[in-house]
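Trainee: Once you've had a glance at the structure underneath, I'll fire off some questions.
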Amino acid sequence: MGMVRESQFHVLAVDDSHLDRKMIERLLQKSSCQVTTVDTGSKALEFLGLRESNDPNALETHQQEVEINLIITDYCMPGMTGYDLLKKVKESAAFRSIPVVIMSSENVPARISRCLEEGAEEFFLKPVKLADVTKLKPHMMKTKLKKEGEKPSEEENATLKPEESLVVEMILPLNQELELEQKEPMLSSNKRKAMEEVISADRSRPKYNDITTSA
Amino acid sequence: MQRQVALIKQSLFDQGYLDEQFVELEELQDDANPNFVEEVATLYFKDSARLISNIEQALERGSFDFNRLDNYMHQFKGSSTSIGASKVKTECTMFREYCRVGNAEVFSLFRTCDECRCLRTFKQLKKEHATLRKKLEQYFQASK
């Protein structure tokens, strides 16, 4: 039996526009996330702990300084674009499990599909709204649960590989609503309790009540 | 004073200077961040002043570098969208469209027309921008 720990998610936000950085930071804070903002893709990689060695194609992994639950990045940036950053993250063994979300002010279908194909979880059109940010919780939740799932547990005998889907067991407080993306369960489902299936579509949802840790 | 605040705000919306994105900004303001909207507005006007200056310099040079101009306008449009500056955003979009057309234009005479349109649009943009700035300054002043 697992209880979802009410600890804060830490998001790394990347945008070359000062104004947009301020916006996304506030949006994420309002959604009870801890936020770190940087203005370039290279600084983002540096923050993660990926440093370029002498070979520009090989990124050495140094010890990750901070645990990041999600990266949200602007697409159009000078130098390393959001797409480039996405690729580098997904190519890295240490960080490919971190969900990446792309933001863009331009609605270019080819761009959107390219990003999603490369592994981006979501593509937000700017201006990003609070309703968009609440969509991020399930993605971040997955990584936290994955980490918990990988810890040795007397109840679960099967080893969970990153590619395998996760059967999630949660006890949800009655006054909170949580939506999860449901993948096909590989383990038996008789331990599943309350879970809601999400078909991601544009729909208005009730205002999300933040999970906050007591100070 | 409250009535004045409401009036200024209403006129900004009625006249199309601001759109619903501004309301989104206000919803992000709370007791912990009581000046968020004003801070964002300050950032915006600082950014846009720089962009206007860059664009003016680029236009003064005589030869239209549509790519460079489009790049500046892309940034301008982006920040205008983020703050909900509707009229300014529209002018940015038009300017970019003239840049796009002008860039592809082979006939120099037609290209000159596009350049004229850019200049006219830019003039209008500066006017809208200045009005927005003044009205928002009044709004924030009245809100204190």
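Trainee: Applying the selection to segment B:72-83, what residues are crowded, with 24+ Cβ neighbours inside 10 Å, of a type in the set (S, T, N, Q) and either more than 20 Å from B:K9 (Cβ to Cβ) or within 7 Å of another protein chain (Cβ to nearest Cβ) (or both)?
Mentor: Those that are crowded, with 24+ Cβ neighbours inside 10 Å, of a type in the set (S, T, N, Q) and either more than 20 Å from B:K9 (Cβ to Cβ) or within 7 Å of another protein chain (Cβ to nearest Cβ) (or both): B:S79, B:S82.
Trainee: Okay, next question. In segment B:1-22, what count of residues is obtained for those that are assigned to a helix (DSSP H, G or I) and away from every other protein chain (no Cβ under 14 Å)?
Mentor: Looking only at that region, the number is 13.
Trainee: When you scan segment A:93-107, how many residues do you find that are at pLDDT 95 or above and surrounded by fewer than 13 Cβ atoms within 10 Å (Cβ to Cβ)?
Mentor: 0
Trainee: Restricting to segment A:27-45, count the residues that are out of contact with any helix residue (DSSP H, G or I) (no Cβ under 6 Å at 6 or more places or on another chain), at pLDDT below 95 and in a loop (DSSP other than H, G, I, E, B).
Mentor: 1
Trainee: While we're looking at this one, here's another question. Which residues, counting only those in segment A:23-48, are free of Cβ contacts under 8 Å to residues at least 24 places away in the same chain and in contact with a Ser or Thr (Cβ under 8 Å, 6 or more places away or on another chain)?
Mentor: Within segment A:23-48, A:E25 is the sole residue that qualifies.
Trainee: Search segment B:23-36 for residues being facing chain A (nearest Cβ under 10 Å) and among the aliphatic types (A, V, I, L, M), and hand back the single one that is nearest to the chain's Cα centre (by Cα).
Mentor: By that ranking, first place goes to B:L25.
Trainee: What pairs come out if I take residues in segment B:84-107 that are within 14 Å of chain A (Cβ to nearest Cβ) and in contact (Cβ under 8 Å) with a residue 12 or more places away in the chain and pair them with residues that are surrounded by fewer than 21 Cβ atoms within 10 Å (Cβ to Cβ) and small (G, A, S) whose C-beta lies under 8 Å away, six or more apart or interchain?
Mentor: So the pair list comes out as B:S86/B:G16.
Trainee: Test of understanding: among B:L132, B:L119, which residue is under 30 Å from B:K9 (Cβ atoms), of a type in the set (A, V, I, L, M) and under 17 Å from the mean Cα position of the chain (by Cα)?
Mentor: None of the others qualify; the one that does is B:L132.
Trainee: Shifting gears a bit: Condition first: modelled with pLDDT of 90 or more and in contact with a Gly (Cβ under 9 Å, 6 or more places away or on another chain). Now tell me which residues in segment A:126-149 satisfy that.
Mentor: The answer is A:K126, A:P127.
Trainee: I need the full set of residues from segment A:89-127 which are small (G, A, S) and in a loop (DSSP other than H, G, I, E, B), in order please.
Mentor: If the condition is that a residue be small (G, A, S) and in a loop (DSSP other than H, G, I, E, B), then A:S92, A:A93, A:A94, A:S97, A:S105, A:G119, A:A120 are the ones that fit.
So that you can scan it fast, the table gives a plain yes or no per residue for (1) modelled with pLDDT under 95; (2) more than 14 Å from chain B (Cβ to nearest Cβ); (3) part of a helix (DSSP H, G or I):
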| position | (1), (2), (3) |
| --- | --- |
| A:V4 | yes, yes, no |
| A:V11 | no, yes, no |
| A:R21 | no, no, yes |
| A:E25 | no, no, yes |
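Trainee: Follow-up. Search segment B:38-59 for residues being in contact (Cβ under 8 Å) with a residue 60 or more places away in the chain and of a type outside the set (D, E), and hand back the single one that is farthest from A:V133 (Cα to Cα).
Mentor: Per the stated criteria, the residue is B:L59.
Trainee: Please determine, by comparing only the residues of segment B:37-69 that are within 12 Å of chain A (Cβ to nearest Cβ) and under 23 Å from B:E115 (Cα atoms), which one is surrounded by the most Cβ atoms within 10 Å (Cβ to Cβ).
Mentor: B:S48
The values are calculated or read from the model by the stated rules, or taken from the named source; none is laboratory data. Small disclaimer: the values here were computed from a predicted structure and weren't measured. Here the Cβ is made from the backbone with ideal geometry for all residues, glycine too, and neighbour counts use every protein chain on show.
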